[in-house]
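Worksheet: the structure to be examined is printed underneath.
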Amino acid sequence: GFSYSGFGRRASFARKSANGLRSVKMPKTRASALPTLKPDEASFTGITSVGSPVVHRYMRDEGEEWKMWFQGRDAGIEPEIVSLSTGRIFRATSTDGFTWEKEEGVGTFGSSLDVNIDEWWGFDTAHVGLGDVRLGDSGKVMTTGGDGAGFAGGVALSQDGMNWSRLEGEHPTGCALDIGSGDEGGPQSSLIGWPQVVNHQERVFRMYFTTFDSTSQRYSIGLATSEDSFKWSPLGLVFGGSGGQGESGSASFDCAGVARAQVLKDMCAEGWPAGGRSKDLAVVPYTMFYEGIGSDGRSSIGFATSSDGVKWTAGNEGKALLEPPNDDESAWEVQSVGSPFVMNMGGGALRMYYSGTSKDGVSSIGCAECDDFIQDPSNWRRVSAS
């Protein structure tokens, strides 16, 4: 999770707790909880915090190849900017999706996309974070970034998925989607963060992003549209959580809002068993996995479904899919779990990469799996060290 207080004001007022990953080395065996993951000094020297993983899996003649893009913080990023793992964007590689080696880019500490040091007026001169990675004829990364006063969304292009060049947007700061005053349908906010793009239909792209609505004082998921995935128009807020009430009238796991969502279109259309589906997944062109913020500031992971990608219904009866453990104060994820990135592993099985934060503020990446999301979407189990 991240420090949620302070985004309604200037980002520099946020709490300064540590956040992000010390390592992205993933273990294989399964258990009830994960231990703290130690930094890989050989591969991740200088990086003190990473987060927001985006993972792609490729089948090659010589075997599987996995790529993970992630945001990372190091000592070169001013700590008073904001207490997140945003800083620069990196890429790592793996042969099994569990053990990772950072690839060396041309940026600081081997980053693929560095902070913007060439344009003093740019929106991302202080830190950069990762939203989404879309590879094709021309690779595209959706970024979030700030100059110390707020967050905005940007676009960068690449031919190889490793070396990126910023695409300057129409806003004077070069961003693709700026923080808003509430005009033109957008939210009144100091935060446009972690954008993710879905191809809704031909020449209609949708961007889902995290925002803080200054009017309601809640974190929500916003929506913007585009005909070319470069120039974006905000439509407003589309999802704020499951409604505030949990079991027995208690506060729900996302009663303080939602953040850092991943939206998947037609996730259940292909490659799934023919058996019965849960009521949540009867007809669902859109599925959203998201980070829900509780009344105590701790975050958990939930999901929602939609027939049109605009109006959303919380799944799993409004309960979280993955929560911080309550029975072990020393657990590596006892403070929060969030930033879900879900992959279809075939046969109805899903794998989720996510970040978790310990009691002392150290965050790590974890992995959880669901054997049959169609019939039992609540049945997730964590992956643990051997």
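The values are calculated or read from the model by the stated rules, or taken from the named source; none is laboratory data. What you are looking at is a predicted structure, and each value in this text was computed from that prediction instead of being measured. Glycine gets a Cβ as well: all are built from the backbone with ideal geometry, and neighbour counts include every protein chain shown. Each accessible area value is taken on the protein alone, full model and side chains, heavy atoms only, with ligands, DNA and RNA left out. Shrake-Rupley method; radii C 1.70, N 1.55, O 1.52, S 1.80 Å.
What the table below lists for this structure:
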read-out: Area of Asp178 that stays accessible when all protein chains are in place (1.4 Å probe, Å², to 10); value: 50 Å²
read-out: Solvent-accessible surface ranking, highest first, for Thr210, Thr95 at 1.4 angstrom; value: Thr95, Thr210
read-out: Percent of C-alpha pairs per 10 Å bin, the stretch 38-148, short to long; value: 15, 45, 30, 9, 1
read-out: Integer Hz, Karplus 6.51/-1.76/1.60 couplings in order for the stretch 49-64, x for Gly and Pro; value: 7, 9, x, 6, x, 10, 10, 10, 10, 10, 9, 9, 4, 8, x, 6
read-out: Accessible area (Å², 1.4 Å probe, nearest 10) - Thr215; value: 110 Å²
read-out: Ranked by how many other beta carbons lie within 10 Å on average, peptides 231-240, 341-350 from highest; value: 231-240, 341-350
read-out: Stretchable slack from Gln375 to His171, in nm (0.36 nm times residue separation minus alpha-carbon distance); value: 68.9 nm
read-out: Length gained when the stretch Asp61-Phe98 is fully extended (0.36 nm per residue, less Cα-Cα span); value: 11.3 nm
